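*Asks:* Once you've had a glance at the structure underneath, I'll fire off some questions.
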Amino acid sequence: MKTTKLASVLVFFAALFFPGIALAQTDPGVRSTTGVNAGQPLASVTASPNDLAFFQTGLGQFNEHQTVTGNNPGLGPRFNLDSCGACHSQPAPGGTSPASGIFPNVGPNPQSQVIANGVVNGSTNTIPYFVLANGPVREARSHSSLTASAIPTERAQRGVEDLFTVSGRSDAAAAACSSPALILRG
């Protein structure tokens, strides 16, 4: 009887710990910029000319820099950067943030350059303290203890907060924001 109970307890504990061990994942670390096929269409997409054309069009739009008005409108009153591909470029378009400071020939964090590159106006925007010149692209999220009544309705979803506004841009005269994108408490 004692042997049966002991065996049952051992089987129970083995069942608890086995999935964690059997399904444990390992982090391969930072991918190199060479020899990687990231950002390429899947084989099923390349098999169809129509699908491949659709993929290529989407990739072009993903890397395209948006403006407030003009030939390429799409930049709203608040934003994190002016193109999807600027934030998602490592190891290829569609990936994670650029490998600033990790690999040679990789430029600085694009978010740290938005004022220098004229994406935002330095008199109406500032680079947040957590966006480092040689660090990764960062996003800010609403604190989970905030309630819908504590922040404006359009930002109550507790998602990614925008870091910059279009105020002060030459192409944003009619779309200027009167409030900052994100109020930082550091």
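*Asks:* Please give the length that would be gained between Arg138 and Gln40 if that part of the chain were fully extended, namely 0.36 nm times their separation in residues minus their C-alpha to C-alpha distance (nm, one decimal).
*Replies:* Once the chain is fully extended between Arg138 and Gln40, it gains 32.8 nm.
*Asks:* Need the full-extension length gain, Ala53 to Asn71, defined as separation in residues times 0.36 nm minus the C-alpha distance. One decimal, nm.
*Replies:* Separation in residues times 0.36 nm, less the Cα-Cα distance, equals 4.3 nm.
*Asks:* Extension gain Phe12-Asp27, at 0.36 nm per residue separation less the Cα-Cα distance, in nm?
*Replies:* Separation in residues times 0.36 nm, less the Cα-Cα distance, equals 2.5 nm.
Taken together, the values in this text are just the output of simple stated rules run on the coordinates, not laboratory data. Just so it is clear, the structure is predicted and the values come from calculations on it, not from any experiment.
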